[in-house]
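The values are calculated or read from the model by the stated rules, or taken from the named source; none is laboratory data. Quantities reported herein were computed from a predicted structural model and do not represent experimental measurements. In this analysis, Cβ positions are derived from the backbone assuming ideal geometry, glycine residues included, and neighbour counts consider all displayed protein chains.
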């Protein structure tokens, strides 16, 4: 079935650094979603992208919908300890289903 | 604030003892989903309701059932929980053609 390849698998960065993660697919997507999941909680939608080339910001987060519609990236600027968590990219399959990337585990060293 | 609510947040059951998890939403979304998530993996879709229409994933065990008595509520029934069913169970909702799914906080199920 369709898969999203998300990288890196995990990151351990210094507080204040910028972070970048990305998601690629062999198939075209019409929507890209980025979620963050804190330990013991459900995923929270960070950014939704609907158009190829779209660049959208949400505070210190910026995400882009790739021109080929097969990739997306998420940047976090000036990371802080509360950025710790798992970040998932997701895209809709047929019907109302989402396919998820495997997640990027972010750990911040203060 | 509009939201997705899951109860309980933590559930402990015994091997083979039926358990029901509940989800309610104030978003008035017509699609509701149940996911299973294990240790830092991506959520795995079990089934979803599009309005009243039930859609089961092919690899969802028969041990898992769901009910949606009205737009706002959806239940996950695990008829005979096994040790392998210990996981986080997530409810999510969406509005039809719009593909953002909004998740509840989850229920952590422990099977003794």
Task: Residue within the stretch A:83-95 that is within 14 Å of chain B (Cβ to nearest Cβ), surrounded by 14 or more Cβ atoms within 10 Å (Cβ to Cβ), in contact with a helix residue (DSSP H, G or I) (Cβ under 8 Å, 6 or more places away or on another chain) and in a strand (DSSP E or B) present - done: no
Task: strands (runs of 3 or more DSSP E) completely within the stretch A:21-71 that count 3 or more residues being surrounded by fewer than 21 Cβ atoms within 10 Å (Cβ to Cβ) - done: A:44-49, A:55-58, A:61-65
Task: Qualifying residue in the stretch A:55-67 (condition: at pLDDT below 95 and over 30 Å from residue B:48 (Cα atoms)) - done: no
Task: Single residue of the stretch B:64-102 satisfying the filter (more than 10 Å from the chain's Cα centre (by Cα), within 9 Å of another protein chain (Cβ to nearest Cβ) and in a strand (DSSP E or B)) that is nearest to residue B:10 (Cα to Cα) - done: B:102
TODO: Mind telling me which of the residues A:42, A:59 ends up being more than 23 Å from residue A:16 (Cβ to Cβ) and free of Cβ contacts under 8 Å to residues at least 40 places away in the same chain?
DONE: A:42
